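The values are calculated or read from the model by the stated rules, or taken from the named source; none is laboratory data. Here the structure is a predicted model, which is why all the values come from computation and not from measurement. Please note: Cβ atoms are built from the backbone with ideal geometry, for glycine as well, and neighbour counts cover all protein chains shown. We work out accessible area using only protein heavy atoms, side chains counted, and drop any ligands, DNA or RNA first. Shrake-Rupley method; radii C 1.70, N 1.55, O 1.52, S 1.80 Å.
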Amino acid sequence: MDTTLKTHLLQEVKKKKECATLPDTLIEESIAQVLKRYPSVKSDNVYQLKVLIKEIRANLHRSTGMFQKGSTEKKRKHLKSTDIESLLKTHLSTAERLKTYSTLKEKIKSWKIRSIIDLGCGLNPLALASQDTSYRAYDIRKDEVDLLNDFFKREGISGKAEVYDIRKFNNDLPEADLCLIWKVLDIIGGDSHHLTKRLLQGMTCNLFLISFPTQTLSGKRMHHKRRIWLERLLKEEKYSYETFELANEIFYLVNN
């Protein structure tokens with residue numbers, strides 16, 4: 001890959017606020033994928049560069065920004081004023097869970113959970129974390145990671161948020177009673193089956209709570225809510241599990 005072209009594309013992509021706080025490695029990966037489809041692109045062709053930048057940003061939006069509804073400044077304002085409900089509404093997934101978080105918290109409490117790992121956490125910790133539970137949160141967006149760390153510190157919660165790409169999992173996460181993977185596996189791209197298997201086998205967690213949407217972002221109900229590929233994997237690897245639905249989400253509770 002032309003280093004000059006790569007650097008130029010990286011700089012241009014990051015000019016958009018939505019992409020500015022994403023890790024360079026993630027953007028570079030998207031650049032490489034797009035350039036494979038356009039191997040003859042010319043670095044001095046303005047039109048071609050605009051097409052590339054637009055497509056790279058679109059790919060990143062699908063994988064990291066499709067649930068965002070508010071700017072970093074707006075989120076910071078809500079956090080400062082302790083308006084957690086309004087803050088949760090700046091993320092589509094957490095906004096959808098406003099009516100179900102209380103039920104989820106009760107379920108987690110009934111499982112006697114003392115430590116949680118949240119992969120692709122978004123803003124979940126704002127609704128779930130408490131002083132009674134250790135909370136490790138991982139997300140690809142640095143702006144949300146920074147916000148969560150400020151929240152943990154202010155509320156006196158034993159928690160830590162870190163930038164982490166779930167696709168790069170390499171048996172490098174701490175152990176916990178419960179691992180949350182909510183609405184992540186459908187959008188990360190690649191081989192979800194293989195990644196899920198690696199997570200189940202490589203993480204030291206007693207329980208996994210994995211969720212998927214049961215409707216599209218446009219509000220259309222999905223014809224097939226259950227994830228047959230996951231159920232087949234769990235049966236093949238002899239994991240016991242149960243399912244339940246809340247609002248527009250189906251959950252798989254997996255015993256490791």
The simple spin-label model distance between Asn45 and Lys107, using points 7 Å out along Cα→Cβ, in nm, is 5.1
Under unit Cβ charges (Lys, Arg +1; Asp, Glu -1), what dipole magnitude, rounded to 20 debye, does segment 103-223 have relative to its Cα centre? 360
So, by mean Cβ neighbours within 10 angstrom, what's the order for 193-199, 137-143, 220-226, 3-9 with the highest one leading? 137-143, 193-199, 3-9, 220-226
Tell me the mean residue ellipticity at 222 nm calculated for the chain from its helices only (DSSP H runs of n ≥ 4, each -39500 (n - 2.57), averaged over every residue, nearest 500). -12500 deg cm²/dmol
Find how much the distance from Thr3 to Met222 grows on full extension, using 0.36 nm per residue of separation minus their present alpha carbon separation; answer in nm with one decimal. 74.6 nm
Whole-percent carbon and sulfur share, accessible surface of the chain, 1.4 Å: 49
Nearest-0.05 FRET efficiency for Glu242 and Glu175, computed from C-beta distance (R0 25 Å): 0.65
If every Lys and Arg gets +1 and every Asp and Glu gets -1 at its Cβ, then about the Cα centre the chain yields a dipole, in debye to the nearest 20, of 640
For segment 122-136, in order, what is each residue's ³J(HN,Hα) by Karplus, 6.51 cos²θ - 1.76 cosθ + 1.60 with θ = phi - 60°, in whole Hz (x at glycine and Pro)? x, 10, 3, x, 4, 9, 10, 5, 8, 6, 8, 9, 7, 10, 10
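Assuming a ≥ b ≥ c are the square roots of the Cα gyration tensor eigenvalues, decide whether segment 88-203 counts as rounded (a/c under 1.5), prolate (otherwise, with a/b larger than b/c) or oblate.
rounded
What accessible area per residue comes out for segment 101-256, rounded to a whole number of Å², with a 1.4 Å probe?
Per residue, segment 101-256 has 47 Å² of solvent-accessible surface.
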Projected onto the charge dipole of the chain (+1 at Lys/Arg Cβ, -1 at Asp/Glu Cβ, origin at the Cα centre), which of His223, Tyr138, Ile27 gives the Cα projection farthest towards the positive end? His223
Let me check against my output: what whole-number percent is the relative contact order of segment 83-151, with C-alpha pairs under 8 Å and at least 6 apart? 29
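What does the extension gain come out to for Glu73 and Asn256, with contour length at 0.36 nm per residue minus their alpha carbon separation?
Taking Glu73 through Asn256 to full extension adds about 61.9 nm, to one decimal.
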Between segment 9-41 and segment 235-256, what is the C-alpha centre distance in whole Å? 35
To the nearest 0.05, what FRET efficiency results for Asn206 and Lys54 with a Förster distance of 45 Å applied to their C-beta separation? 0.50
What does the highest-first list of 242-249, 49-56 look like by mean Cβ count within 10 Å? 49-56, 242-249
